[in-house]
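Here's the structure we're looking at; comments come further down.
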Amino acid sequence: MKWRNKSLSYWLRVLHRDLGYLMVGVCLIYAVSGILLNHMNGKDPAFRTTEAAVQLEKGMQAEELLAAWNRQEDLPPVKRILSIDESHHRLMLEGGVGVYDAASGCVDYEVHEKRPVVYWFNRLHYNRIQGWNLMGDFFAVSLVFFAVSGLFMVKGKNGVAGRGKWLLLAGILIPLGYIWLAA
């Protein structure tokens, strides 16, 4: 059989290539999600947050506040009202939260709306979808394979025995140096 005469580097290249094609989609999802998560700036990129305020009567108690809120149009439904202190109530809204200040009558609230694609990308990234563990592990093992097999794909002065060893060393030292500096 012809396949028995092939070298180890040949099979590493074939597997590296074919597994690489298979993993491109997963890799892109993890990459996009990772970039968004790295630049959250305190807000979850999977949600669009809208902040607003509505002026109601001053000095209302929870029952009056609920009735006044429900009389307003285009406001999210209230799930529950919690007392914070004597002059503030927290409104637990459908998809958001608000705070009523009895002294001013103002309700500052925010509503969170899912960004569907980003939401599901992040759910995959955080491994929050049942059954994704297996795919996540397969992807992680594939990355290890890509890293190790990639070391042996190029031979000579540009390979791991040549200048590649210095790039490999730099690739190891960069995260270790960052950890050392951050500690």
Worksheet item: So for the stretch 109-183, what are the equivalent ellipsoid semi-axes in whole Å, largest first, each being the square root of 5 times an eigenvalue of the Cα gyration tensor?
Response: 36, 20, 11
Discussion item. Restricting to DSSP H runs of at least four residues, report the calculated mean residue ellipticity at 222 nm for the chain, -39500 (n - 2.57) per run over all residues, nearest 500 deg cm²/dmol.
Written reply: -16500 deg cm²/dmol
Worksheet item: What ³J(HN,Hα) values, in whole Hz, does the Karplus curve 6.51 cos²θ - 1.76 cosθ + 1.60 give for the stretch 105-122 when θ = phi - 60°, with x put for Gly and Pro?
Response: x, 8, 10, 8, 9, 9, 10, 10, 10, 5, 9, x, 5, 5, 4, 6, 4, 5
Worksheet item: Between HIS88 and residues 5 or more places away or on another chain, which pairs have amide H atoms under 5 Å apart, with H built 1.01 Å from N, and which residues are they?
Response: ALA102
Fill in: √(5λ) per eigenvalue of the Cα gyration tensor, the chain, largest first, Å
57, 20, 11
Discussion item. Once ligands and nucleic acids are excluded and a 1.4 Å probe is used, how much of ILE129 is accessible, expressed in Å² to the nearest 10?
Written reply: 50
Worksheet item: What trypsin sites (Lys or Arg not before Pro) does the stretch 92-139 have in DSSP loop regions with at most 13 other beta carbons within 10 Å?
Response: ARG128
Worksheet item: What list of ³J(HN,Hα) couplings, whole Hz, do you get for the stretch 155-172 from phi and the Karplus terms 6.51, -1.76, 1.60, once you set θ to phi - 60° and write x for glycine and proline?
Response: 10, x, 5, 8, x, 5, 7, x, 5, x, 5, 6, 5, 4, 4, 4, x, 7
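The values are calculated or read from the model by the stated rules, or taken from the named source; none is laboratory data. Please read these numbers as outputs of a predicted model, since none were measured by experiment. Cβ: placed from backbone, ideal geometry, glycine included. Neighbour counts: every protein chain shown. Areas reflect the complete protein model, heavy atoms only, side chains present, ligands, DNA and RNA absent. Shrake-Rupley method; radii C 1.70, N 1.55, O 1.52, S 1.80 Å.
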